[in-house]
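*Asks:* Would you mind keeping the following structure in view while I ask a few things?
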Amino acid sequence: MTMSLVSYLKNPSEAVKELKEKTKVKTMQNSLVMVFVAAVIFAVNSYIGIGLIEDMGLEITGPELVVSVLDMGAVNLAAGTFFLIFLGGLFFGYIMKVVLSILGGEGDYWDGLATLAYPVFSVGLGILLAMVFSYVPTIGPALAFIFVAVFFAVGYSLMFRLAKEMFDVGMIEAFIGVTVVLAVGLVAIYGGLLTTPEGIMAVIP
């Protein structure tokens, strides 16, 4: 793959430098491939997650929205998750570019997509490993905790670093930009929930 996943997993900091030095065409290829891979991983996560719930014999009786989503079936849920992450990643790559450009950055859309795609990949991979290793007897929960903690930490910090490097801004501007994008994402999710009766029941006591 363009930006080696092995190199990324071994040393994310060096991988950022490698990505920064690539041509715009390579950055475009890397960004598209990575957001696609992240979407696939999250789709697999949702499929495995349904299996874990069924194996544990859990009965979901929470908000109607959650119940209706889980009742979609593993395949439909995985497909929906793939398109949600892939299309959402493409859209929020644009939001990242707009926000950081307003803050004085000089990157383009593909830099914004790269800034988002690699951290999302890291988070998805951490969740995947956590679910897979949760099947290990006795130490499974501890391993799951370690994977989630490490990969979430890498993904979150990497987003700041990529914002700084890809858009040539200071760490303060990178921090503000990433914070704004994450806040916009939360607001968008909350607003989307309120457009359905099930969503209203889920978020309003």
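The values are calculated or read from the model by the stated rules, or taken from the named source; none is laboratory data. Since this is a predicted model, take the numbers as computed values, not measurements. Cβ coordinates were reconstructed from backbone atoms using ideal geometry, including for glycine residues, and neighbour counts include every protein chain displayed.
*Asks:* Got a sec? Which of V136, V120, V148, V132 is in contact with a helix residue (DSSP H, G or I) (Cβ under 8 Å, 6 or more places away or on another chain), under 28 Å from Y47 (Cβ atoms) and in a loop (DSSP other than H, G, I, E, B)?
*Replies:* V136
*Asks:* Just to be sure I understand, how many residues within the stretch 157-172 are within 22 Å of G89 (Cα to Cα) and out of contact with any helix residue (DSSP H, G or I) (no Cβ under 7 Å at 6 or more places or on another chain)?
*Replies:* Residues flagged as within 22 Å of G89 (Cα to Cα) and out of contact with any helix residue (DSSP H, G or I) (no Cβ under 7 Å at 6 or more places or on another chain) within the stretch 157-172 amount to 2.
*Asks:* Just name the residue that is surrounded by the most Cβ atoms within 10 Å (Cβ to Cβ) out of those in the stretch 110-137 that are hydrophobic (A, V, I, L, M, F, W, C) and within 8 Å of the chain's Cα centre (by Cα). It would help to see each step written out before you state the result.
*Replies:* Going through the stretch 110-137, the residues hydrophobic (A, V, I, L, M, F, W, C) turn out to be 110, 113-114, 116-117, 120-121, 123, 125, 127-133, 136.
In the following step, the residues that additionally are within 8 Å of the chain's Cα centre (by Cα) were identified as 116-117, 120-121, 123.
Details: L116: 30, A117: 28, V120: 22, F121: 28, V123: 22.
This residue is L116.
*Asks:* Which is closer than 22 Å to L32 by Cβ and modelled with pLDDT under 90, of E198, E165?
*Replies:* E165
*Asks:* I need the full set of residues from the stretch 27-50 which are crowded, with 19+ Cβ neighbours inside 10 Å and touching a Ser or Thr at 6+ places or on another chain (Cβ under 6 Å), in order please.
*Replies:* N30, F42, A43, S46
*Asks:* Another one. Hey, which of the helices (runs of 4 or more DSSP H) in the stretch 1-92, taking only ones fully inside, have at least 3 residues that are at pLDDT 85 or above, within 18 Å of the chain's Cα centre (by Cα) and farther than 17 Å from D111 by Cβ?
*Replies:* Output list reads 24-56.
*Asks:* Which of the numbered conditions does G104 fail, given that it passes all the others? Conditions: (1) out of contact with any Asp or Glu (no Cβ under 8 Å at 6 or more places or on another chain); (2) at pLDDT 90 or above; (3) of a type outside the set (A, V, I, L, M, F, W, C).
*Replies:* The number of the failed condition is (1).
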